[in-house]
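Scroll down for the structure; my scribbles are underneath it.
The values are calculated or read from the model by the stated rules, or taken from the named source; none is laboratory data. These numbers come from a predicted model, not from an experiment. Heads up, the Cβs are rebuilt from the backbone with ideal geometry, glycines too, and the neighbour counts pull from every protein chain shown. Accessible surface is based on the protein model in full, side chains and every heavy atom, while ligands, DNA and RNA are left aside. Shrake-Rupley method; radii C 1.70, N 1.55, O 1.52, S 1.80 Å.
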Number of protein chains: 2
Amino acid sequence: MTDQAAADLWPMEHAGALPGVHAGERPEAARRLLLAAVDSFARRGYHATTTRDIATAAGMSPAALYIHYPSKAALLSEISRTGHQATLDLVENAAGTAGAPADRMRRLVEDFTCWHARGHTVGRIVNHELLALPEEDFAVVAELRRRIEETVRRLIDDGVADGSFDVPDVRTAARAVTSLGIDVSRWYSERSSESPEELGRRYGVLVLRMLGATG
Amino acid sequence: MTDQAAADLWPMEHAGALPGVHAGERPEAARRLLLAAVDSFARRGYHATTTRDIATAAGMSPAALYIHYPSKAALLSEISRTGHQATLDLVENAAGTAGAPADRMRRLVEDFTCWHARGHTVGRIVNHELLALPEEDFAVVAELRRRIEETVRRLIDDGVADGSFDVPDVRTAARAVTSLGIDVSRWYSERSSESPEELGRRYGVLVLRMLGATG
């Protein structure tokens, strides 16, 4: 597990939004296991990864792994829940700042895009393996996703209400905004020609156009 | 394997663009194996699926499977190549019709979106398992993807050239257009409230706005 992998997993600039993930807030062994799990899932796919693979990647025995996580699914659940909570925090922070709807939406799209570009490795796993989550954890994650989408929708509603957005179908527009950002995890790589920040800026401009933003 | 699964795999309205896929153009057993492979990959994930799973789902013995396909990867490759070729055909058809760039782009986005909504099951597999393809097949598919993106980019160039589009960064805009459509495969399901056609129409409107289309 390299430092780059750790940075890909939970970008440091959002560290404050990720309680329990960083050193000192959770046993170092548990943190190493989470990073090893992401690395293994990314290499082999979730279903083909064994707990032994993860333990080995973390430099531990399978028995040591079970002290922290009862199963591979428990690791996936923690990765997914933590990532979705951080994403919701980021979206709510942007939507909740002072300012016009267009300014708040620009920041939301910039942050959301940048987050999915930086964390593309964990983003791909989390978005593709939702159905592998145990039922209870799936329900938690589904609720977090619902709140992310709802936050975007309400911000569009605000812009429609004050006349600064012109949107024929708010639900479809909100879906398109989140979809654009989420899909960045699929296609972005360190070899992409634009930085996460630059991509965020460009997507911010495109989304404001989609929403018919004036001014 | 149900008729619905077959329809999900290769929507009939684009049948003409899929040489060899439909009954009569390829041995019925090979066709059944392709559909069974999609079904198995969707249920278990590609890596966890065995050739025995696929043969069983197709009502055949593993030995009968090997007559048609030497491996699980060969099935994935054929599904991926056929699907990407059909997508390229659809995109080139829309871009190549007579008419203003905005009209051609609207049709392209409508068809591309609708295709990914109808074929969401195969779309998810194909888009997620690119790295599981044997090297040579990956190169073929990567070239088809490059041509899809290039077709979109050239159509945007046409609109910029005649002044009907206003786009600060053509490459990013082309990426956003294809990304929006591809990601439909991730989130769309039969339970989605809008039909594939209706979603296509709505996305057509949003994309023309992104491109600053006039008129």
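Per-residue answers, yes or no, for (1) within 15 Å of A:A36 (Cβ to Cβ); (2) modelled with pLDDT of 95 or more; (3) within 14 Å of another protein chain (Cβ to nearest Cβ):
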{"residue": "A:I54", "(1), (2), (3)": "yes, yes, no"}
{"residue": "A:L76", "(1), (2), (3)": "yes, yes, yes"}
{"residue": "A:D89", "(1), (2), (3)": "no, yes, no"}
{"residue": "A:R106", "(1), (2), (3)": "no, yes, no"}
{"residue": "A:G123", "(1), (2), (3)": "no, no, yes"}
{"residue": "A:A132", "(1), (2), (3)": "no, no, yes"}
{"residue": "A:A139", "(1), (2), (3)": "no, yes, no"}
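Is it true that A:E198 is outside any helix (DSSP H, G or I) and either under 21 Å from the mean Cα position of the chain (by Cα) or assigned by TED's automatic domain parsing to the domain that holds A:A42 (or both)? So A:E198 fails the test. Looking across region B:174-199, the residues that are under 17 Å from B:E149 (Cα atoms) and within 7 Å of another protein chain (Cβ to nearest Cβ) come down to B:A176, B:S179, B:L180, B:I182, B:D183. Restricted to region A:59-126, the set of helices (runs of 4 or more DSSP H) holding at least 3 residues that are open to solvent by 30 Å² or more (accessible area, probe 1.4 Å) and assigned by TED's automatic domain parsing to the domain that holds A:L180 comprises A:72-96, A:101-118.
Close Cβ contacts (under 7 Å, 6 or more residues apart or on different chains) running from residues in region A:138-161 that are farther than 16 Å from A:G212 by Cα to residues that are open to solvent by 50 Å² or more (accessible area, probe 1.4 Å) and not polar (S, T, N, Q) comprise A:V140/A:R81; A:V141/A:R81; A:T151/A:E92.
Checked against the criterion of being surrounded by 21 or more Cβ atoms within 10 Å (Cβ to Cβ), hydrophobic (A, V, I, L, M, F, W, C), within 19 Å of B:A176 (Cβ to Cβ) and touching a residue at least 60 places away in the same chain (Cβ under 8 Å), region A:163-175 has at least one qualifying residue.
Under the condition of being open to solvent by less than 20 Å² (accessible area, probe 1.4 Å) and either in contact with a Pro (Cβ under 6 Å, 6 or more places away or on another chain) or part of a helix (DSSP H, G or I) (or both), the residues counted in region A:176-195 number 9.
If we keep just the residues of region A:200-209 that are of a type in the set (A, V, I, L, M) and buried (at least 23 other Cβ atoms within 10 Å of the Cβ), which is nearest to the other protein chains (Cβ to nearest Cβ)? Reasoning before the result, please.
Step one: list which residues in region A:200-209 are of a type in the set (A, V, I, L, M), which gives A:205-208.
So of that shortlist, the ones also buried (at least 23 other Cβ atoms within 10 Å of the Cβ) come out as A:206-208.
Values: A:L206: 5, A:V207: 8, A:L208: 10 Å.
Step by step, filter region A:200-209, then rank; the result is A:L206.
For region B:61-107, the set of residues classified as hydroxyl-bearing (S, T, Y) and either more than 16 Å from the chain's Cα centre (by Cα) or more than 16 Å from B:E150 (Cα to Cα) (or both) consists of B:S61, B:Y66, B:Y69, B:S71, B:S77, B:S80, B:T82, B:T97, listed by residue number. Among the residues of region A:147-173, just one is within 24 Å of the chain's Cα centre (by Cα), within 13 Å of chain B (Cβ to nearest Cβ) and of a type in the set (D, E), namely A:E149.
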